[in-house]
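Please read the structure below before turning to the comments.
The values are calculated or read from the model by the stated rules, or taken from the named source; none is laboratory data. Please read these numbers as outputs of a predicted model, since none were measured by experiment. Glycine also receives a Cβ, built like all others from the backbone with ideal geometry; neighbour counts cover every protein chain displayed. Calculation scope for accessible area: heavy atoms of the full protein, side chains included, ligands and nucleic acids excluded. Shrake-Rupley method; radii C 1.70, N 1.55, O 1.52, S 1.80 Å.
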Amino acid sequence: MNRVRRKPDFLEVYKTLSEFYGPTGWWPGDSPFEIAVGAILTQNTAWSNVEKAINNLKNLNLLSPNKIVSVKRSVLEEAIRSSGYFRQKAERLVTFCTYLIENYKGKIELMAKKDTQKLREELLAIKGIGEETADDILLYACEHPIFVVDAYTRRIFSRHGLIDGNTKYKKIQEIFHKNLPKDIFIYKEYHGLIVWTGKDFCRKIPKCERCPLNKYPRWL
(Lines give C-alpha, C1' and ligand atoms only; values in the text may rest on other atoms or scores of the structure.)
Protein backbone atom coordinates (compact mmCIF):
# COMPACT_ATOMS: atom_id res chain seq x y z
CA MET A 1 0.00 0.00 0.00
CA ASN A 2 1.45 3.34 -1.05
CA ARG A 3 1.55 6.01 1.63
CA VAL A 4 2.04 9.74 1.35
CA ARG A 5 5.20 10.50 3.34
CA ARG A 6 4.88 14.26 3.66
CA LYS A 7 2.86 16.80 5.52
CA PRO A 8 -0.43 17.57 3.76
CA ASP A 9 -1.52 21.15 3.19
CA PHE A 10 -4.69 22.49 4.76
CA LEU A 11 -6.84 22.31 1.64
CA GLU A 12 -5.64 18.77 1.01
CA VAL A 13 -6.79 17.70 4.47
CA TYR A 14 -10.17 19.29 3.78
CA LYS A 15 -10.56 17.41 0.51
CA THR A 16 -9.48 14.11 2.09
CA LEU A 17 -11.99 14.41 4.92
CA SER A 18 -14.72 15.63 2.58
CA GLU A 19 -14.26 12.64 0.30
CA PHE A 20 -14.40 10.30 3.29
CA TYR A 21 -17.43 11.77 5.07
CA GLY A 22 -19.37 13.64 2.42
CA PRO A 23 -21.41 16.74 3.36
CA THR A 24 -21.72 17.32 7.12
CA GLY A 25 -24.47 19.93 7.13
CA TRP A 26 -22.82 21.34 10.24
CA TRP A 27 -24.05 23.30 12.31
CA PRO A 28 -27.38 21.63 13.25
CA GLY A 29 -30.18 24.14 13.82
CA ASP A 30 -33.49 25.30 12.37
CA SER A 31 -32.78 29.04 12.77
CA PRO A 32 -29.86 31.42 13.39
CA PHE A 33 -31.06 31.94 16.96
CA GLU A 34 -31.21 28.19 17.63
CA ILE A 35 -27.65 27.90 16.32
CA ALA A 36 -26.49 30.67 18.67
CA VAL A 37 -28.18 28.96 21.62
CA GLY A 38 -26.49 25.69 20.65
CA ALA A 39 -23.11 27.41 20.50
CA ILE A 40 -23.53 28.58 24.09
CA LEU A 41 -24.89 25.29 25.40
CA THR A 42 -22.25 23.10 23.75
CA GLN A 43 -19.45 24.46 25.94
CA ASN A 44 -17.88 21.54 27.85
CA THR A 45 -20.41 18.94 26.79
CA ALA A 46 -21.29 16.53 23.98
CA TRP A 47 -23.64 17.67 21.24
CA SER A 48 -26.14 14.92 22.10
CA ASN A 49 -26.69 16.64 25.45
CA VAL A 50 -27.25 19.97 23.71
CA GLU A 51 -29.84 18.44 21.39
CA LYS A 52 -31.86 17.29 24.41
CA ALA A 53 -31.72 20.77 25.92
CA ILE A 54 -32.78 22.49 22.70
CA ASN A 55 -35.65 20.04 22.23
CA ASN A 56 -36.79 20.83 25.77
CA LEU A 57 -36.72 24.56 24.98
CA LYS A 58 -38.77 23.94 21.85
CA ASN A 59 -41.31 21.76 23.66
CA LEU A 60 -41.75 24.47 26.31
CA ASN A 61 -42.00 27.17 23.61
CA LEU A 62 -38.99 28.95 25.10
CA LEU A 63 -36.71 29.13 22.08
CA SER A 64 -36.79 32.89 21.56
CA PRO A 65 -34.83 35.76 23.15
CA ASN A 66 -37.87 37.29 24.87
CA LYS A 67 -39.05 33.96 26.29
CA ILE A 68 -35.60 33.08 27.64
CA VAL A 69 -35.25 36.46 29.32
CA SER A 70 -38.74 36.45 30.86
CA VAL A 71 -39.20 32.82 31.94
CA LYS A 72 -38.59 31.88 35.56
CA ARG A 73 -34.91 31.03 35.92
CA SER A 74 -35.58 27.66 37.56
CA VAL A 75 -37.70 26.62 34.56
CA LEU A 76 -34.94 27.60 32.14
CA GLU A 77 -32.32 25.78 34.19
CA GLU A 78 -34.37 22.60 34.26
CA ALA A 79 -34.98 22.77 30.51
CA ILE A 80 -31.25 22.86 29.74
CA ARG A 81 -30.11 20.59 32.57
CA SER A 82 -28.87 17.92 30.13
CA SER A 83 -26.23 20.32 28.75
CA GLY A 84 -24.36 20.39 32.07
CA TYR A 85 -23.40 23.44 34.16
CA PHE A 86 -27.04 24.35 33.61
CA ARG A 87 -27.20 27.24 36.10
CA GLN A 88 -24.15 28.88 34.58
CA LYS A 89 -25.40 28.30 31.04
CA ALA A 90 -28.87 29.63 31.89
CA GLU A 91 -27.22 32.84 33.06
CA ARG A 92 -25.19 33.02 29.86
CA LEU A 93 -28.28 32.52 27.72
CA VAL A 94 -30.13 35.28 29.55
CA THR A 95 -27.13 37.60 29.23
CA PHE A 96 -26.79 36.91 25.51
CA CYS A 97 -30.53 37.31 24.87
CA THR A 98 -30.61 40.57 26.84
CA TYR A 99 -27.75 41.87 24.69
CA LEU A 100 -29.57 40.75 21.54
CA ILE A 101 -32.82 42.44 22.58
CA GLU A 102 -31.21 45.69 23.72
CA ASN A 103 -28.95 46.09 20.70
CA TYR A 104 -30.64 44.29 17.80
CA LYS A 105 -34.34 44.01 18.68
CA GLY A 106 -33.81 40.35 19.51
CA LYS A 107 -32.92 39.49 15.91
CA ILE A 108 -29.76 37.64 14.88
CA GLU A 109 -30.39 38.88 11.32
CA LEU A 110 -29.91 42.50 12.40
CA MET A 111 -26.84 41.60 14.43
CA ALA A 112 -25.34 39.80 11.43
CA LYS A 113 -25.24 43.03 9.41
CA LYS A 114 -22.48 44.42 11.59
CA ASP A 115 -18.80 44.32 10.59
CA THR A 116 -17.19 41.00 11.52
CA GLN A 117 -14.45 42.28 13.79
CA LYS A 118 -16.67 44.82 15.56
CA LEU A 119 -19.32 42.17 16.15
CA ARG A 120 -16.69 39.73 17.37
CA GLU A 121 -15.50 42.29 19.92
CA GLU A 122 -19.10 42.78 21.08
CA LEU A 123 -19.65 39.06 21.50
CA LEU A 124 -16.39 38.58 23.39
CA ALA A 125 -17.46 41.34 25.78
CA ILE A 126 -20.49 39.26 26.83
CA LYS A 127 -19.83 37.32 30.02
CA GLY A 128 -19.32 33.63 29.30
CA ILE A 129 -18.67 33.92 25.58
CA GLY A 130 -15.11 33.05 24.56
CA GLU A 131 -13.43 33.00 21.18
CA GLU A 132 -14.70 29.63 20.00
CA THR A 133 -18.32 30.38 20.96
CA ALA A 134 -18.16 33.86 19.42
CA ASP A 135 -16.80 32.45 16.17
CA ASP A 136 -19.42 29.68 16.13
CA ILE A 137 -22.08 32.39 16.28
CA LEU A 138 -20.33 34.55 13.69
CA LEU A 139 -19.85 31.74 11.17
CA TYR A 140 -22.95 29.61 11.56
CA ALA A 141 -25.61 32.00 12.84
CA CYS A 142 -24.41 35.21 11.14
CA GLU A 143 -22.76 33.84 7.97
CA HIS A 144 -19.50 35.71 8.50
CA PRO A 145 -16.30 34.25 6.99
CA ILE A 146 -14.32 33.31 10.09
CA PHE A 147 -12.75 29.94 10.92
CA VAL A 148 -13.66 28.23 14.19
CA VAL A 149 -10.84 26.63 16.19
CA ASP A 150 -11.65 23.96 18.77
CA ALA A 151 -9.82 21.28 20.77
CA TYR A 152 -10.13 18.80 17.89
CA THR A 153 -8.45 21.31 15.57
CA ARG A 154 -5.48 21.61 17.89
CA ARG A 155 -5.21 17.86 18.36
CA ILE A 156 -5.55 16.77 14.71
CA PHE A 157 -3.34 19.42 13.15
CA SER A 158 -0.62 19.33 15.80
CA ARG A 159 -0.40 15.54 15.46
CA HIS A 160 0.21 16.00 11.74
CA GLY A 161 2.80 18.73 12.28
CA LEU A 162 0.77 21.54 10.72
CA ILE A 163 0.45 23.66 13.85
CA ASP A 164 1.88 23.87 17.34
CA GLY A 165 -0.90 22.76 19.65
CA ASN A 166 0.15 25.32 22.25
CA THR A 167 -0.27 28.23 19.86
CA LYS A 168 -2.85 30.83 20.85
CA TYR A 169 -6.34 30.62 19.33
CA LYS A 170 -6.06 33.73 17.15
CA LYS A 171 -2.76 32.63 15.63
CA ILE A 172 -4.16 29.20 14.71
CA GLN A 173 -7.17 30.90 13.17
CA GLU A 174 -4.87 33.15 11.13
CA ILE A 175 -3.01 30.09 9.83
CA PHE A 176 -6.26 28.60 8.53
CA HIS A 177 -7.34 31.90 7.01
CA LYS A 178 -3.99 32.18 5.25
CA ASN A 179 -4.08 28.63 3.87
CA LEU A 180 -7.73 28.37 2.78
CA PRO A 181 -9.95 30.28 0.36
CA LYS A 182 -12.10 32.88 2.12
CA ASP A 183 -15.22 30.80 1.70
CA ILE A 184 -18.04 30.48 4.24
CA PHE A 185 -19.11 27.06 2.95
CA ILE A 186 -15.58 25.65 3.26
CA TYR A 187 -15.15 27.13 6.74
CA LYS A 188 -18.43 25.56 7.88
CA GLU A 189 -17.83 22.16 6.33
CA TYR A 190 -14.20 22.03 7.40
CA HIS A 191 -15.10 22.63 11.03
CA GLY A 192 -17.80 19.95 10.84
CA LEU A 193 -15.35 17.50 9.29
CA ILE A 194 -12.82 18.23 12.03
CA VAL A 195 -15.46 17.57 14.69
CA TRP A 196 -16.44 14.25 13.13
CA THR A 197 -12.82 13.17 12.68
CA GLY A 198 -11.99 14.10 16.25
CA LYS A 199 -14.95 12.17 17.63
CA ASP A 200 -14.44 9.11 15.44
CA PHE A 201 -10.67 8.77 15.25
CA CYS A 202 -8.45 11.50 16.70
CA ARG A 203 -9.27 10.94 20.34
CA LYS A 204 -6.91 11.38 23.26
CA ILE A 205 -5.95 7.77 22.56
CA PRO A 206 -6.13 7.88 18.75
CA LYS A 207 -7.65 5.24 16.48
CA CYS A 208 -5.37 5.84 13.52
CA GLU A 209 -5.81 2.60 11.59
CA ARG A 210 -9.06 3.51 9.84
CA CYS A 211 -8.71 7.30 9.95
CA PRO A 212 -8.82 8.96 6.50
CA LEU A 213 -5.76 11.00 7.49
CA ASN A 214 -3.73 7.88 8.21
CA LYS A 215 -2.10 8.15 4.77
CA TYR A 216 -0.21 11.17 6.12
CA PRO A 217 2.56 10.66 8.68
CA ARG A 218 2.00 11.60 12.28
CA TRP A 219 4.59 13.97 13.64
CA LEU A 220 3.57 13.73 17.30
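Remarks
- Relative contact order of the range 104-181, pairs being alpha-carbon contacts under 8 Å that are 6 or more residues apart, as %: 22
- Restraint check, Lys107/Lys199; Lys67/Lys178; Lys15/Lys114; Lys15/Lys199, Cα-Cα greater than 29 Å: Lys107/Lys199; Lys67/Lys178; Lys15/Lys114
- Furthest towards positive pole of dipole, Leu57, Phe201, Val71, structure part the chain, Cβ charges: Phe201
- If you take all other residues with their beta carbon under 12 Å from the beta carbon of Glu122, and give Lys and Arg +1 and Asp and Glu -1, the sum is 0.
- Kyte-Doolittle at least -0.5, axis length at least 15 Å by Cα - qualifying DSSP helices, the chain: 10-21, 86-104, 184-200
- Cβ charges +1 (Lys, Arg) and -1 (Asp, Glu), total dipole of the range 66-220, debye: 420
- Sequence-separation-based contact order of the range 1-137, relative, with Cα cut under 8 Å and 6+ spacing, percent: 23
- For Val148, net neighbour charge (Lys/Arg +1, Asp/Glu -1) across residues whose Cβ lies under 10 Å away: -4
- Total formal charge among the other residues, if their Cβ is under 11 angstrom from that of Glu91, Lys/Arg +1 and Asp/Glu -1: +4
- In the chain, helices alone account for a calculated mean residue ellipticity at 222 nm of -16500 deg cm²/dmol, with every DSSP H run of four or more residues adding -39,500 (n - 2.57).
- Centre-to-centre, using Cα atoms only, the range 193-220 and the range 89-135 are separated by 33 Å.
- About its Cα centre, the range 1-83 has a charge dipole of approximately 260 debye under the convention of +1 per Lys or Arg Cβ and -1 per Asp or Glu Cβ, with nothing else charged.
- Carbon-plus-sulfur accessible fraction, the chain (probe radius 1.4 Å, protein heavy atoms only): 50%.
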